[in-house]
Every structure is written in structure tokens, then in C-alpha cells.
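Colleague: Below is a structure I'd like to ask you about.
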Amino acid sequence: MFSLGRRAHFAFRLVRHASLSSRESKYLTGTHTGPELVKMLETDNSKILKLVRRKVDERTALMAEAEQIAINGDPSSQEYRDKTRRASELLVFQDAWSSYESAKSNLLETHTLLSHPDPDMRDLATEEYPSLPPTLTSLLLTTFPSLLVPPSSSSQHNLAGALMDLKSGVGGQESSLFLSELLRMYTRFAGSKSVDEETGEVIKAKWGVTIVQQNDADAGGIKDAIVEIKGKGAYDLMRWESGVHRVQRVPATDSAGRVHTSTVAVIVLPMLEESDKVEDELFKMDDVKIEVMRARGAGGQHVNKTESAVRLTHTPTGITVSMQDERSQHQNRRRAFQVLRARLLDLKLSADIASRRATRRSLVKGADRSEKIRTYNWAQDRITDHRVPGLTVRGLEGVMEGDGRVGGGFGGLVGRVEEWGREVEVEECLGEMMEALDKEEGQGEVGK
Amino acid sequence: MLNNFRARLISQLGRAQANSEIKWMNQFIVDSTGPGAKATANTLRLEDLLRRRVGGEPLQYILGTQPFGQLDLLVRPPTLIPRHETEEWSLKLAKATTPCPSAPITILDLGTGTGCIPLLFATIWPQGSVHAHAVDISEHAVRLSTENALRAGVSTRNTDAKEARNTFTAFRADYTQDKFWEDPRLKPPYNLVTSNPPYIPLQEYEELPPSVRLYEDKQALYGGKDGLDFYRSIGRVLGFPGALASEATIALEVGHDQASQVAEIVERIPRIDIGSLEIWKDAWGKDRTVVARTHEP
Ligand SMILES: C[S@@+](CC[C@H](N)C(=O)[O-])C[C@H]1O[C@@H](n2cnc3c(N)ncnc32)[C@H](O)[C@@H]1O
């Protein structure tokens, strides 16, 4: 019934969502029969089923209406196009629902075959059976929720990547040194090629990396830097780096050998595709004050100094952006506008999230950028992420240097944070949806 | 020694600017000493670059290039280094004009130097929409601007306007001469005339900072006693019958206090009818460019 390929696919999913399986494992361990499992699953998760069912029904209704328009009305009308577009957006629900239904009947039928009089039939069924409960459970507990809650708000915008803004915090020179190490970790992770351990194939660099701005500290290290990470998915992953990073180690300069604690603050901004028009829905050109640094005297032919620094001030928000790394004023200006746009979009996204969160009980920890998200402890050779329960990795150097393995090094670490964050996000939103559902049904009853 | 130069550069330029320049010099060394390059870390040392810089040599001559819009132009003494102000108004003009291959336009750039102004247009506008003629009295400038055209991938074939690509041709000519228009390589009428002529008056010339006066061509800077000699010449050149197309644009960069006098010179050019005249400010708030558009009389 199920091909091996399909089974392998689901097995893979279960491994990937290893942490989710805590929820799923409740159904997969123990000795309940197929029909018992289906009953348990469907009673415990009746709200998820209801939410998906509604989407499927919505699609069916839309298709019927569209057909009516096609027959009796004007198929070139906006109304027709809207209905069919929405219907095709909902197709994924229809598909998932059908998979779920067929997995369910498959499970129930195979279960009855387990006691079939024909021993051959029994053998076949016995062989098939173990793969079926995980399939069904994963569809209900993983696939459905992830369809109901589309990935982060950022995916609504057409993002070209991320701008990471790193600033040294407490700890003076140590902080600057640590900042340069973090920067190196990020650029190596995003910009270097890696090797697939199993196939030995060289995997090309994940994303394009450009250091947009860098201010070196006089005594070594970097005071602050902005790095551009360009490519699909860069923001969705790297945004989990926003927050305060703490380092604990004995600085080379401390002759007494005391452990110092220093910090670096990271803010990850969403970067839009660069457009020809400077102005867009994020700001009005009239609201941006453009300044060039310093007085230039007569200017023009009189002066050949390279004074290319540019500062932008967005008056309504008070955001200022200074850029002086390029020799060309034109380039500095372009860069400054890119950073301004990212800051404004970030502001907009945070406002969206805050307004949604006002109704929510729990918070995704670490969304507040002043919060400490991670500790790098040299003496204990460990990195601990404070958001994800129990997430400590050993082999600090390996993470910071990027050890080239798929799923290893920094990528493995941030990958786990992302997975956790996505789960929290799904759970929160799902919670909201269910609450809304309860309210609606409650009202329905009062109305009767 | 290195630290001594560093300290002197900081005292000359301020910390932030000095740090940026050192960073650019280091980057230059990295870029020019890579595998296959002629220079090595031994022949190209930061210390030597810093010594030259502290001695007053412009950074652009030391590094050999200057960005201009999207272009990365070669610069070489004594040809004038393109200025930020010129970049700014040229970009603005490039955006304000939208030629297309079906109606290509011709440009005359008077005193082209590195070729920066017309090369910027030729790389921004669509292929086949512009044919530029650039003149200069200096053989150095003619050669350098031609190199820059090739570097930017702009064709240097002097054809009649049927070429499918944008073209740039530079040649030696003196636009203060009465027989200027007798040169057969010129193909009037022109749709757009640009110039950043030498505009520094006598008094100010003597007070120029050494990095300008000692390194850049006097012929590129000095504009006569009142600084306006070349605008008067340009006025004569453009007043010649048939020099300009019926609807043409004239864009002239001016010194910090010359805009109104230059505007007056332009308005008095014989035989042309100025439809509109604008004075554009630069990013530092100085009147920098006089832009005039003619319309059919
Ligand atoms: C201020 S520079 C401008 C160079 C270039 N257009 C720019 O903006 O960087 C003036 C240029 O005019 C040239 N020039 C000076 N007198 C000239 C003349 N009589 N005929 C042609 N070119 C002349 C100089 O050689 C110099 O390259």
C-alpha cells in the first residue's frame, strides 16, 4: 500500500522534528490498537481537525461559487479571479486533508487484516502496520499545525536577506574582541562552502556576505559592524541571533587570570530587495534629512579630499543612519538607505508582532533585544542558549569556527533555536485560533 | 615609522577620516598583491603609501582609482580627480533624462578629464541611446578617458548615430579657439552639452590646498582672473549657428559663488532661446550647477 519511499519520507520527518515527537510520542508508545489510536488522536485534537476542516469547506464553497459565476456570470470579473485565487491558496489544506483521511482508513483497514484468516495477508499486514501510526500522527500534529500557522510574519514581505547589526557592550576591549569572533563565525557560516559528510559533495556557500560597515577599536577588535547576509531564508534563520550574547573567559590581557564577563548586542534586521525608487511605503522622501559630514569650504574643484560620509535622519521616528565605509558618497548613500529601510521594516514587523502578542499569554523569549540569549563559556568549553530549554553544546571552538559538517557547528546550533522558535510560534498561534474557535462556538450556543 | 605616519595622518585629517583612509589603503594592498598580481607585499607597503599621503599626495592618485556613481575610474596625475559634487549632479541629470535607442541623443562634453560625466550617462542609459563626444586640451586626459571608456565597457568607435551601442569618443581640441567647430570629428547639432570647466579665480588659486595645487593640472583648475573665462568661451561655442539641437540641455558646473554670473552668460548666448533655467545646489548647500533647456524659437 505504502511504497518504501513514502515510509522513508515520514521516518525522516519524525527525525527532523525530534523535539515535536514529545507530543507525538504519547500516541506512538503504549499498546493501544489502531482504532483506539484514531479515537484518542481525534478526541484530543478535535480543534485542529475542526480548523482544517473549515479551510477545506471554505475551499469547496468557493469552488462552487466560482463555478456559478463561470456559468451564469462573468468569468473575467475581479470577483471570479479573487475566488479562484483564494481557492487555489487553500488547495494545500485539501491535499493534507485527503492524505490524512487515506492514512486513517489505511490504518483501520490494515488493522482488521492483522486477524485475516489467510496467513499471507496477515504477514503483509504485520509488515505494513508499524509505519502507519507515525504517519497519521505526524500529519495531524505536525503538518496540520504548520499549514494553519504560516511561517513568520517576515515571509509576507519579499525579503532579500538580513542585515546584522553588532555592537560591543560591557567589557571594553574584551567585548570588541568577542565581537570580531562573532562576526567571523557569522561570515564563515553564511559565506563559506561546506562538505556533505555522506556524499563528500561540496555544498556551495549558503548566502552572500558583505561587511557593510566596520569600526575597529583602537586597542584591537571591532567596536561595531553591520554585515549583509543576502539570500533566501537568511532572515528567517539569522533573526534568532537578535539579543545579547555573553562571553565568559580570561582575557589575554588579564595577568591575574580572572574570568571576565563581556557582552555584544546583536540586532538582525529584515532586508528588502533593493529597488530603483528610493521612496516606498516605508517612508516618504520628505521625512528623510540627508547630511554630508563636515564643512567642505568652497567645495568642487577647490577640494580633493575624500569626504564621502553620509548621514540620514528619518524625522518621524528619529532613526539615524551614518555610513562612511565606502570611498564613494553615492555608495554610502545607497547603503544608508538600505539600512534605514531595514530599520523601518523591522519597526513595522515588531509593531505587528506586539499588537498580536497583546492578546497572548506566553511570549517567545528573546524577542526582546535587551535580553541575554546566549552564553559562551570558554573555561567550560560550552555554549548555552537561554531560550531553548536544555540547549547547551560542547566544543565551543567547533561552533565558532564552523566545522564544515552539515548540521554541525553554528548552523546546527541556530537551527535548533529556529526549530524551537517555530514550534513556539505555531503553538502560540494555534492556541489563539482555538480560543477564537471556542468563543465563536460559545456565542453560537448562547444564540440558540 | 609606520606609527609616526599614522599619527601625522590623524592630526591632518582627524581620526575617523584617517582610519578610513588607512583601511582603504590596506584594502588596495590586498587587492593588488593577490595571486598573479605584479606587486608583492614587499614592493607595496602601507608605510610607503602613508608616507606619500602624509606628504600631501591625494589618496585617489595613490590608489589610482576613484568611484563615480557605479563607475570605478582610473585617475592619474595631472588629470583632475572627479569630485563628489560632479558625481552628484551628473547622477541627478542622468535620472532626469530618459533617452532611448529609438531616439538616441548626442552629447558634447567640454573638458572631459577622466571622462566621468559622459561615461556615467553611457553606462546608466540603455545601449544605443547615447553617443558622446568628449574634448580636452590635454593629451593625458584624452588618453585616460579613452582607457576609462574601455574599462567601463563603452564603445569608443566614432560612428554616425547608427551604432546599436552607446559610444564615447575623446579627442584633443581647444574650445576657446574660434575655429573649434571646423574640427571634422565634431558632429553638431548636440542634444546635451555638459562641462565642468576650470573655474578657480586667480586669488583663490593661490590659496588652494597643496594636495590640489601641487598635484592637479593648473590647466584643469584655473579659470582666469575672475574665474569665468571658460564660461565666456562656452557661450561663444554654443552661440555658433547649428551647435545645438532645437531642444537641447546645457549643464555647467560652477564655483561656489558663480551661479548667477554663469546663468547670465548662458542667457545671453546669441541665437538660442532658453526655455527654463535652473540652479542646482550640491549636498553641501552650495549652488553648483546651472542647467538650461532651450526650446524652439
Ligand atoms: C575641471 S576639469 C574637469 C574634468 C572632468 N570633466 C571632471 O568633471 O572631472 C577641466 C578640464 O578641461 C580641460 N580644459 C582646460 N582648458 C581647455 C580648453 N581650452 N579646451 C578643452 N579642454 C580644456 C582640462 O584639461 C580639464 O581636463
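Colleague: Search the range B:210-230 for residues that are on the phi < 0 side of the Ramachandran plot and pair each with any residue that is open to solvent by 30 Å² or more (accessible area, probe 1.4 Å) and part of a helix (DSSP H, G or I) when their beta-carbon atoms are under 7 Å apart and the residues are at least 6 apart or on different chains.
Modeller: What qualifies is B:223/B:229; B:223/B:230; B:225/B:202; B:228/B:261.
Colleague: For the range A:285-304, what are the residues that are of a type in the set (Val, Ile, Thr) and within 8 Å of chain B (Cβ to nearest Cβ)?
Modeller: Scanning the range A:285-304 gives A:290, A:292, A:303.
Colleague: Which of the residues that make up the range B:167-185 are away from the ligand (no atom under 12 Å from the Cβ), under 19 Å from residue B:115 (Cβ atoms) and touching a residue at least 60 places away in the same chain (Cβ under 8 Å)?
Modeller: Of everything in the range B:167-185, nothing turns out to be away from the ligand (no atom under 12 Å from the Cβ), under 19 Å from residue B:115 (Cβ atoms) and touching a residue at least 60 places away in the same chain (Cβ under 8 Å).
Colleague: Is it true that some residue in the range B:271-280 is within 16 Å of the ligand (Cβ to nearest atom) and either open to solvent by 10 Å² or more (accessible area, probe 1.4 Å) or in a loop (DSSP other than H, G, I, E, B) (or both)?
Modeller: yes
Colleague: Any residue at all in the range B:237-245 that is within 16 Å of the ligand (Cβ to nearest atom) and outside any loop (DSSP other than H, G, I, E, B)?
Modeller: For the range B:237-245, residues within 16 Å of the ligand (Cβ to nearest atom) and outside any loop (DSSP other than H, G, I, E, B): present.
Colleague: Scan the range B:86-100 residue by residue and report those that are more than 21 Å from residue B:198 (Cα to Cα) and either under 14 Å from the mean Cα position of the chain (by Cα) or in a helix (DSSP H, G or I) (or both).
Modeller: B:92, B:94, B:95, B:96
Colleague: Only residues in the range A:300-311 that are over 19 Å from residue A:214 (Cβ atoms) count as the first member; pair them with residues that are assigned to a helix (DSSP H, G or I) and within 13 Å of the ligand (Cβ to nearest atom), Cβ under 6 angstrom, at least 6 apart or cross-chain, and list the lot.
Modeller: Once the first residue is over 19 Å from residue A:214 (Cβ atoms) and sits in the range A:300-311, its partners that are assigned to a helix (DSSP H, G or I) and within 13 Å of the ligand (Cβ to nearest atom) give A:300/B:85; A:301/B:221; A:304/B:212.
Colleague: Tell me, which helices (runs of 4 or more DSSP H) wholly within the range A:329-448 include 3 or more residues that are at pLDDT below 85, open to solvent by 20 Å² or more (accessible area, probe 1.4 Å) and out of contact with any strand residue (DSSP E or B) (no Cβ under 7 Å at 6 or more places or on another chain)?
Modeller: Those helices (runs of 4 or more DSSP H) span A:329-357, A:409-447.
Colleague: For residues that are within 15 Å of the chain's Cα centre (by Cα) and in a strand (DSSP E or B), tally how many sit in the range B:119-146.
Modeller: Of the residues in the range B:119-146, 5 are within 15 Å of the chain's Cα centre (by Cα) and in a strand (DSSP E or B).
Colleague: Now a separate question. Going by what's in this entry, would residue A:310 be described as within 11 Å of chain B (Cβ to nearest Cβ), buried (at least 21 other Cβ atoms within 10 Å of the Cβ) and in contact with a Lys or Arg (Cβ under 7 Å, 6 or more places away or on another chain)?
Modeller: yes
Colleague: Where residues in the range B:78-113 are within 14 Å of chain A (Cβ to nearest Cβ) and more than 26 Å from residue B:285 (Cβ to Cβ), which of them is farthest from the ligand (Cβ to nearest atom)?
Modeller: B:98
Colleague: Restricting to the range B:121-134, what's the tally of residues that are open to solvent by less than 30 Å² (accessible area, probe 1.4 Å) and out of contact with any strand residue (DSSP E or B) (no Cβ under 6 Å at 6 or more places or on another chain)?
Modeller: Number satisfying all stated conditions: 2.
Colleague: Here is a further query. Mind listing whichever residues of the range B:51-77 are open to solvent by 30 Å² or more (accessible area, probe 1.4 Å) and facing chain A (nearest Cβ under 10 Å)?
Modeller: B:70, B:72
Colleague: Given the conditions (1) within 25 Å of residue B:60 (Cα to Cα); (2) within 14 Å of chain A (Cβ to nearest Cβ); (3) surrounded by fewer than 16 Cβ atoms within 10 Å (Cβ to Cβ), which single one is not true for residue B:205?
Modeller: Here residue B:205 clears every test but (3).
Colleague: I'm told residue B:63 meets every condition in (1) assigned by the TED database to the domain that holds residue B:289; (2) within 20 Å of residue A:331 (Cβ to Cβ); (3) more than 16 Å from the ligand (Cβ to nearest atom) except one. Can you identify the failing condition by its number?
Modeller: Against the list (1) assigned by the TED database to the domain that holds residue B:289; (2) within 20 Å of residue A:331 (Cβ to Cβ); (3) more than 16 Å from the ligand (Cβ to nearest atom), residue B:63 comes up short only on (1).
Colleague: Another question about this same structure. Name the single residue that is nearest to residue B:58 (Cα to Cα) among those in the range B:215-236 being within 14 Å of another protein chain (Cβ to nearest Cβ), within 11 Å of the ligand (Cβ to nearest atom) and open to solvent by less than 20 Å² (accessible area, probe 1.4 Å).
Modeller: Looking at the filtered set, the residue picked out is B:216.
Colleague: Still on this model: Please indicate, with yes or no, whether at least one residue in the range A:93-108 is open to solvent by 70 Å² or more (accessible area, probe 1.4 Å), modelled with pLDDT of 90 or more and either within 35 Å of the chain's Cα centre (by Cα) or on the phi < 0 side of the Ramachandran plot (or both). Spell out the reasoning first.
Modeller: Filtering the range A:93-108 for residues open to solvent by 70 Å² or more (accessible area, probe 1.4 Å) gives A:95, A:101.
So of that shortlist, the ones also modelled with pLDDT of 90 or more come out as A:95, A:101.
Still in the running and either within 35 Å of the chain's Cα centre (by Cα) or on the phi < 0 side of the Ramachandran plot (or both): A:95, A:101.
Among the residues of the range A:93-108, at least one is open to solvent by 70 Å² or more (accessible area, probe 1.4 Å), modelled with pLDDT of 90 or more and either within 35 Å of the chain's Cα centre (by Cα) or on the phi < 0 side of the Ramachandran plot (or both), which makes the answer yes.
Colleague: Here is a further query. In the range B:247-263, which residues are in a strand (DSSP E or B), small (Gly, Ala, Ser) and either touching a residue at least 60 places away in the same chain (Cβ under 8 Å) or crowded, with 24+ Cβ neighbours inside 10 Å (or both)?
Modeller: Within the range B:247-263, B:251 is the sole residue that qualifies.
Colleague: Among the residues of the range A:26-46, is any open to solvent by 50 Å² or more (accessible area, probe 1.4 Å) and at positive phi?
Modeller: Yes, the conditions are met somewhere in the range A:26-46.
Colleague: Do the conditions hold for residue B:48, that is, is it away from the ligand (no atom under 16 Å from the Cβ), among the charged types (D, E, K, R) and either within 28 Å of residue B:4 (Cα to Cα) or within 28 Å of the chain's Cα centre (by Cα) (or both)?
Modeller: The answer is yes for residue B:48.
Colleague: Oh, and also: Here is a check on your reading of the model: is residue B:48 surrounded by fewer than 17 Cβ atoms within 10 Å (Cβ to Cβ), more than 14 Å from chain A (Cβ to nearest Cβ) and part of a helix (DSSP H, G or I)?
Modeller: Criteria met by residue B:48.
Colleague: Here's a follow-up. Across the range A:68-85, what is the total count of residues that are part of a helix (DSSP H, G or I), exposed (fewer than 14 other Cβ atoms within 10 Å of the Cβ) and not polar (S, T, N, Q)? If you could, list the steps in order and put the result at the bottom.
Modeller: Keep residues of the range A:68-85 that are part of a helix (DSSP H, G or I), which gives A:68-72, A:78-85.
Still in the running and exposed (fewer than 14 other Cβ atoms within 10 Å of the Cβ): A:68, A:70-72, A:78-79, A:81-82, A:85.
Filter once more, keeping what is not polar (S, T, N, Q): A:70-71, A:79, A:81-82, A:85.
Residues in the range A:68-85 being part of a helix (DSSP H, G or I), exposed (fewer than 14 other Cβ atoms within 10 Å of the Cβ) and not polar (S, T, N, Q): 6 in total.
Colleague: Further, regarding this structure: Scan the range B:1-28 for residues that are more than 14 Å from chain A (Cβ to nearest Cβ) and surrounded by fewer than 17 Cβ atoms within 10 Å (Cβ to Cβ) and jot them down.
Modeller: Once the filter is applied, which keeps residues that are more than 14 Å from chain A (Cβ to nearest Cβ) and surrounded by fewer than 17 Cβ atoms within 10 Å (Cβ to Cβ), the range B:1-28 yields B:1, B:2, B:4, B:8, B:11.
Colleague: Would you confirm whether any residue within the range B:215-234 is touching an Asp or Glu at 6+ places or on another chain (Cβ under 7 Å) and at pLDDT 95 or above?
Modeller: Within the range B:215-234, the first condition is being touching an Asp or Glu at 6+ places or on another chain (Cβ under 7 Å), and the residues that meet it are B:215, B:223.
Subset that is at pLDDT 95 or above: B:215, B:223.
The answer is yes, given that some residue of the range B:215-234 is touching an Asp or Glu at 6+ places or on another chain (Cβ under 7 Å) and at pLDDT 95 or above.
Colleague: Looking at the range A:234-265 only, could you name the residues that are under 16 Å from residue A:422 (Cβ atoms) and open to solvent by 30 Å² or more (accessible area, probe 1.4 Å)?
Modeller: A:236, A:239
The values are calculated or read from the model by the stated rules, or taken from the named source; none is laboratory data. Bear in mind that the values here come from a model prediction, so they are computed numbers and not experimental data. Every residue, glycine as well, gets a Cβ built from its backbone with ideal geometry; the counts of neighbours run over all protein chains shown. These accessible areas exclude ligands, DNA and RNA; they are computed on the full protein's heavy atoms, side chains included. Shrake-Rupley method; radii C 1.70, N 1.55, O 1.52, S 1.80 Å.
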